């Protein structure tokens with residue numbers, strides 16, 4: 001693989017990673033919107049169903065993002081010239097994004113729980 005081909009592959013993997021992140025953000029925004037607007041009126045089955053679908057979809061997006069970053073890191077590690085051009089490696093993003101998105105899933109589930117179990121005054 002030439003350096004130009006590696007550069008193109010890096011762009012493709014970075015793009016795929018951003019697409020997986022976009023899917024995660026879309027799912028999270030949709031879940032939070034549903035929780036806020038109708039969460040208190042959902043029955044138990046509906047809440048469990050939508051929460052399970054959200055967790056599965058967002059976890060798949062999270063794993064896809066990490067997978068794309070692994071490929072990005074593998075290609076980047078083969079070319080020192082490209083490493084010098086890159087501010088943050090795929091490894092850096094992998095260790096920042098994974099906890100961030102994982103916490104986002106938990107916070108979203110907690111948000112739904114708070115909507116369904118409001119504090120009584």
Query raised in the report: Can you give the angle from 0 to 90° between the axis of helix 90-116 and the longest principal axis of the chain, with both taken from C-alpha atoms, to the nearest 10?
Result: 10 degrees
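Within a 10 angstrom radius of the beta carbon, how do 36, 54 rank from fewest other beta carbons to most?
Numbers: 36 12, 54 21.
So the residues, fewest neighbours to most, are 36, 54.
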Report summary line: Measuring from the longest principal axis of the C-alpha atoms of the chain, the long axis of helix 3-38 (C-alpha) lies at a number of degrees, nearest 10, equal to 10 degrees
Report summary line: So, with points 7 Å from each Cα along the Cβ direction, the residue 60-residue 106 label distance in nm works out to 2.4 nm
Query raised in the report: In nm, to one decimal, how far is the residue 15 label point from the residue 74 one, both placed 7 Å along Cα→Cβ?
Result: 2.0 nm
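If I stretch the segment between residue 22 and residue 119 completely, what's the gain in nm (0.36 nm per residue apart, minus their alpha carbon distance), one decimal?
31.6 nm
So what is the calculated 222 nm ellipticity per residue for the chain, using -39500 (n - 2.57) for each DSSP H run with n of 4 or more, over all residues, to the nearest 500 deg cm²/dmol?
On the way: 4 runs with 103 residues, N = 121.
Calculated from helices alone, the mean residue ellipticity at 222 nm is -30500 deg cm²/dmol.
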Requested in this report: Give the Debye-formula value of log10 I(q)/I(0) at each listed q (0.21 Å⁻¹), with one equal scatterer per alpha carbon of the chain, two decimals each.
Outcome: -1.06
Query raised in the report: Any idea what the relative contact order of the chain is, in percent, if you count C-alpha pairs under 8 Å spaced at least 6 apart?
Result: 38 percent
Query raised in the report: Mind checking the angle between helix 44-77 and the chain's longest principal axis? C-alpha axes, 0 to 90 degrees, to the nearest 10.
Result: 10 degrees
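Values quoted throughout were computed directly from the atomic coordinates according to the rules given, and no laboratory measurement underlies them. Because the structure is predicted, anything quoted here is derived from the model rather than measured. As a convention, Cβ positions derive from the backbone with ideal geometry for all residues, glycine included, and neighbour counts pool all protein chains shown.
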